[in-house]
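One structure below.
The values are calculated or read from the model by the stated rules, or taken from the named source; none is laboratory data. Not measured: the values here are computed from a predicted model. So basically every Cβ, Gly included, is an ideal-geometry build from the backbone, and we count neighbours across all protein chains shown.
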């Protein structure tokens, strides 16, 4: 097997009224079926599965998933593949919000993870709530999704935080799809509160020799709470990334990655309404004893008269597909082999000039000196530098300080924080 292909759908948003006489989206879904029969079957070689990057349902209830199952089965029949050849991840609309509203404990578990100030702390809280005594707390809201996805072995549980499926491109070159869940702490107020989603370190793909990786996740990195801690490692280990949620399609293509922020099959019907989906082809070859991953993406969008799907010229720059190559062996070598000395476990430091003297700012010293000040002075300094919010003031001082230091780093105010603390200490000494 050298070339394999997939149909990629996202944000289908099946509702209870789907397929009923007044369903205005029924014609849209039929247009996708027609496009697949008329065009994809002539273009794609060896279709191996359907990839769905979340929001399969609209409210996460069983009836919506039953409708989705029938539709996905119809697509599988077009390519003569098994109904089990569907690979999916949950989105925020796959979360059954009623179960959260009716539970006294699920919101506590979600808030414990969300309120953690570091990725390590969040992972610790997450682990606590999926252990033997509390294992259902963070999975109750996606129970209906899991009942649907279990038939595809894409369910998520305390024993399976992510899933993967492998394919052989050549005897020496392998390909895998990994699905992760970004909706553990999703609530119906995400849009109003701006809550960012949690993806733990346990979901970062491991390195696998001779294997290229496609990662599926509903929420894109801009929606992640700990993006800075996660994205670099995911970019190194996942060569192709498929995201949903945003309903607008774009690509981020670099030497080492192909990242697709996919449009929606059923976007909200606004003035710029444009349903989309994609075809993907993956091919592996060996050049000069190095593994080369050939990727071709066929962006499909609804025609201007809403009659059929066609290639999306805006994404393909006038062509019907986007082609890219990644040298997997070169990428792995750059990421894993030593290139320059690395100092581990050193505290964060930053050089600054205070009174024309070069000093080194030590984060540990900031923390130590900060705790030597009175609570009133602590709040006064953070307020003066705009490093604390009203919401922060209700939290523990340890949490407030951690947040303040992170904000200071992001805003380039670490030197000002350091100097302000020193000034207050000197005043107290005098």
Kindly check whether there is at least one residue in segment 16-27 that is assigned by TED's automatic domain parsing to the domain that holds residue 312 and in a helix (DSSP H, G or I). yes
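Kindly state which strands (runs of 3 or more DSSP E) lie completely within segment 259-341 and contain at least 1 residues that are crowded, with 22+ Cβ neighbours inside 10 Å, under 21 Å from the mean Cα position of the chain (by Cα) and touching a residue at least 12 places away in the same chain (Cβ under 8 Å). Write out each step before concluding.
Details: elements: 276-287, 290-302, 309-311, 322-327.
Fully inside segment 259-341 and qualifying: 276-287, 290-302.
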Select, from 164, 201, the only residue that is in contact with a helix residue (DSSP H, G or I) (Cβ under 6 Å, 6 or more places away or on another chain) and under 22 Å from residue 234 (Cβ atoms). 201
Any idea how many residues of segment 217-239 are in contact (Cβ under 8 Å) with a residue 60 or more places away in the chain and in a strand (DSSP E or B)? 1
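Do you know which residues across segment 34-58 are farther than 23 Å from residue 94 by Cα and under 29 Å from the mean Cα position of the chain (by Cα)?
Pass one, segment 34-58, residues farther than 23 Å from residue 94 by Cα: 34-48.
Once the filter is applied, which keeps residues that are farther than 23 Å from residue 94 by Cα and under 29 Å from the mean Cα position of the chain (by Cα), segment 34-58 yields 35, 36, 40, 44, 45, 46, 47, 48.
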